[in-house]
Amino acid sequence: MGAAAARRTILDDGAMRRLARLARVARLMDTAVRIPGTNIRFGADFVLGLVPVVGDAGGALVGLVILNEARRLGLPARKQMEMLANIGTDAVFGSVPLAGDLFDLYFKSHRRNLQIILDHFDLTAEGVPRR
């Protein structure tokens with residue numbers, strides 16, 4: 001059995017439910033709404049980022065919750081550090097007035113971090129149950 005298959009087999013129903021919840025949170029934060037006539041999507045992180053200081057801190061807090069779930073699921077420290085770097089990058093660059101709001105529109109740290117988790121367990125977004 002390969003390493004990817006071994007990682008996949010350790011996920012029980014509870015872990016899959018947690019992954020599904022993380023996928024919903026990442027979608028809400030980064031890609032919940034599509035601008036009609038475009039492929040541009042944004043979520044609560046973008047909207048929160050419009051509020052100076054507090055908004056970006058709120059987005060970072062949600063990112064830390066996702067990071068904590070990754071830790072509880074057993075992600076290695078290296079991948080957790082990569083996730084933390086994404087959260088920090090989003091918080092720092094997102095806090096710059098106007099330019100940071102545009103950065104938030106494209107960076108999508110929560111989706112990136114969800115992908116790190118899914119890649120670790122050799123899953124795709126389609127492989128995570130909706131509920």
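Relative to the longest principal axis of the Cα atoms of the chain, helix 109-120 runs at roughly 10 degrees.
A cut-off under 13 angstrom between Cβ atoms defines the neighbours of N113, and their net charge, with Lys, Arg +1 and Asp, Glu -1, is 0. Local charge for D56 was computed over the other residues whose Cβ lies under 12 Å away, with Lys and Arg +1 and Asp and Glu -1, and equals -4. Spin-label model, M16/R72: points 7 Å from Cα along the beta carbon direction are separated by 1.9 nm. Calculated mean residue ellipticity, 222 nm, the chain: -21500 deg cm²/dmol, from DSSP H runs (n ≥ 4) at -39500 (n - 2.57) each, averaged per residue and rounded to 500. Every Cα-Cα pair in the chain was counted, and those over 27 Å apart are 21% of them. Note on the chain: with a GNM built from Cα contacts shorter than 10 Å, the maximum mean-square fluctuation among G37, G74, G58 falls on G37.
All of the numbers you see were taken from the coordinates with simple rules; none came from a lab. Bear in mind the structure is a predicted one, so any value in this text is a computation, not a measurement. Cβ coordinates were reconstructed from backbone atoms using ideal geometry, including for glycine residues, and neighbour counts include every protein chain displayed.
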